[in-house]
1. In degrees between 0 and 90, to the nearest 10, how far off the longest principal axis of the chain does helix 263-274 point, with axes built from Cα atoms?
2. Based on the alpha carbons, how large is the Rg to Rh ratio for the chain when Rh follows Kirkwood?
3. What is the gain in length, in nm to one decimal, between residue 189 and residue 55 on full extension, counting 0.36 nm per residue of separation less the C-alpha to C-alpha distance?
4. P(r) for segment 251-307, please, calculated from all Cα pair distances in 10 Å bins and given in %.
5. Hey, what angle do you get for helix 159-170 against the long axis of the chain, alpha-carbon based, 0 to 90 degrees rounded to 10?
6. For residue 241 and residue 7, what does the FRET efficiency come to when R0 = 35 Å and r is the distance between their Cβ atoms, rounded to the nearest 0.05?
7. Just rank 143, 55, 247, fewest to most, by other beta-carbon atoms within 10 angstrom.
8. Kindly put 92, 183 in sequence by how many other C-beta atoms sit within 10 Å of each C-beta, fewest to most.
């Protein structure tokens, strides 16, 4: 089978498409999926470059990719939720398993797999697992966002931001978001009530007394965000850990989120997509042979919505 693999850590040049990679096996509790499409996330190029090497060292050659959508080819012992022919999607969040989604087949834990939403195709479904569950976990579980609350979402035009805006509006919140000038109209079409051009405006001079901040940017943006919260507010970051000094100074709660994709959360996401609450926005689609270029495009940070690799021709 084909698989986009690396044999060492590094830049885009280390990615090669192996046309003779071994087809993964299906151990107990796992599902073998024929991959039709695979979502590309920032964590994928970070894994390629070795950002996670100390925490989760890869065994080379390693197949890249986590998000997938496809059709069940086989099920391992102990799996009763799926059968051959089912359309599924999900995320293998363990690159050390060696069975990534940038390949014709993936062997994945049944506990991180769910039925694909019926109203989207495989390319759209592959764009959902990590970004959709990230937004769902942050807004509903950590923040408990509800009607009348006010939230600032950083990086509104990105993969997570695109879904977070739609979800926040569904929950009844007032949504402000940061984006570049070229994306202002896009995020307003998603439902944002207020847009801040982060290149020309200081968001903390405009946004005040908010209940929540969802940070997908990190760095200085994260530390400045404490200023926009009211006492008792909450900031959830995808990139930073809580700053105890700032928490005390502004009397707020902070959470560093590690997204955990589970079948239960994916099922909730599926319901939201099938009800039309969340619409998928795919910026660009690459064939598997251009996995290197897909990762480069994602790394440039210019994508509006998601980048997806179409595996099944």
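Taken together, the values in this text are just the output of simple stated rules run on the coordinates, not laboratory data. Just so you know, these numbers come straight off a predicted model, no measurement behind them. Methodologically, a virtual Cβ is constructed for each residue, glycine included, from the backbone with ideal geometry; neighbour enumeration extends over all protein chains shown.
1. Long axis of 263-274 versus the principal axis of the chain: about 70 degrees.
2. Ratio value, two decimals: 0.98.
3. Length gained between residue 189 and residue 55: 44.3 nm.
4. P(r) for segment 251-307, in whole percents per bin: 18, 27, 41, 13, 2, 0.
5. Roughly 60 degrees between the two axes.
6. Details: r = 32 Å, r/R0 = 0.92.
Once rounded, the FRET efficiency stands at 0.60.
7. 55, 247, 143
8. Details: 92 25, 183 22.
With the sparsest Cβ surroundings first, the list reads 183, 92.
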